[in-house]
Amino acid sequence: MSTLYVHHRLEALPRRWQELATSLATEGAAKVGSAGGSLYGVWRSQIGRPRDEVQAMTAWPAGTAAKTAHAALAAGARGLHRASSEALVPTLRPANATPPARQGNYAFRWFATPEPHWPEFLDLCAAGWPGFESAYDSQVIGLWQATGDRVGHAPDEATGAGTQDGIRSLLLTRRPNLAMWERSKIPEGAAEAAVRDKLSRRYDLCDWTVVSTATLLTAQDRQDTARWT
């Protein structure tokens with residue numbers, strides 16, 4: 001059975017992001033499981049998003065509505081002010097719904113790509129990812145395409161929903177730390193330059209893109225205790 005994913009953006013009440021994150025990872029995960037889904041991950045803001053915003057992803061059987069996932073995870077969450085949720089389908093990755101487990105610098109990058117450019121966009125990702133991963137001790141977690149099913153219809157500047165045309169997609173990558181995020185943008189040598197050329201070409205194909213970084217609150221190896229925001 002194919003898997004559907006839902007991206008959740010949750011705004012905590014002031015200074016209560018940690019309470020909200022804990023609620024999502026415990027009671028929220030249990031409710032999602034009871035409803036037939038699974039918690040894929042919970043992330044805290046690092047750079048580019050408000051301090052009190054938490055991002056989460058859940059995985060579900062194909063055909064699940066975004067409102068079902070939204071209610072299971074967010075309803076009754078402690079410390080929650082408001083939330084939005086959007087359904088996504090995987091493209092090249094992930095192959096399964098095994099959650100990411102390693103701490104690191106996670107980049108959430110949204111794209112809006114004209115439909116005629118989408119096949120080339122995917123080809124560039126497939127060609128560039130292996131070199132990117134080997135050169136920078138990094139992993140591409142997934143590339144998902146938005147289905148248009150979301151909770152609420154207000155324009156969302158953080159994801160492009162309601163503001164951007166074309167195919168909207170979410171690319172999630174993990175680097176070991178923020179220094180490697182910067183390092184991966186500045187190639188050293190011909191091999192890294194070739195990888196960067198492939199990945200940079202995607203920016204020429206899309207109409208809009210935005211990125212923020214986060215750390216994984218549900219990591220299994222270590223917790224992030226830095227004061228980022």
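Remarks
- Cβ-Cβ contacts under 6 Å between residues 6 or more apart (or on different chains), taken from a first residue in the stretch 15-30 that is under 15 Å from Asp224 (Cα atoms) and aliphatic (A, V, I, L, M) to a second residue that is in a helix (DSSP H, G or I) and at pLDDT 95 or above, are absent.
- Candidates in the stretch 93-112 are the residues that are among the polar types (S, T, N, Q) and closer than 21 Å to Leu4 by Cα; of these, the one that is surrounded by the most Cβ atoms within 10 Å (Cβ to Cβ) is Thr98.
- Under the condition of being closer than 15 Å to Tyr106 by Cβ and at pLDDT 95 or above, the residues counted in the stretch 137-152 number 7.
- Total residues in the stretch 106-147 satisfying the condition of being in a helix (DSSP H, G or I), closer than 19 Å to Arg175 by Cα, over 17 Å from the mean Cα position of the chain (by Cα) and free of Cβ contacts under 8 Å to residues at least 60 places away in the same chain: the figure is 5.
- On inspection, Ala214 qualifies as closer than 24 Å to Asp52 by Cβ, out of contact with any helix residue (DSSP H, G or I) (no Cβ under 8 Å at 6 or more places or on another chain) and modelled with pLDDT of 95 or more.
- Residues of the stretch 90-120 satisfying the condition of being in contact with a helix residue (DSSP H, G or I) (Cβ under 9 Å, 6 or more places away or on another chain) and of a type in the set (D, E, K, R): Arg93, Glu120
- Scanning the stretch 199-222 for residues that are more than 19 Å from the chain's Cα centre (by Cα), more than 28 Å from Glu157 (Cβ to Cβ) and not acidic (Asp, Glu) turns up just one, Arg222.
- Cross-chain or 6+ apart pairs with Cβ under 6 Å, the stretch 45-57 first and over 11 Å from Leu217 (Cα atoms), then of a type in the set (Val, Ile, Thr) and surrounded by 15 or more Cβ atoms within 10 Å (Cβ to Cβ): Gln46/Thr213; Gln46/Thr215; Ile47/Thr213
- Of residues in the stretch 153-206 being of a type in the set (D, E, K, R) and either at pLDDT below 90 or part of a loop (DSSP other than H, G, I, E, B) (or both), the one surrounded by the most Cβ atoms within 10 Å (Cβ to Cβ): Asp156
- Considering residues of the stretch 207-228 that are surrounded by 14 or more Cβ atoms within 10 Å (Cβ to Cβ) and among the polar types (S, T, N, Q) only, the residue farthest from Thr26 (Cα to Cα): Thr209
- Check on Glu19, in contact with a Pro (Cβ under 9 Å, 6 or more places away or on another chain), among the charged types (D, E, K, R) and farther than 30 Å from Phe121 by Cα: no
The values are calculated or read from the model by the stated rules, or taken from the named source; none is laboratory data. The structure presented is a predicted model; accordingly, all values stated were derived computationally and were not measured. Ideal geometry is used to build each Cβ from the backbone, glycine not excepted, and the neighbour counts take in all protein chains shown.
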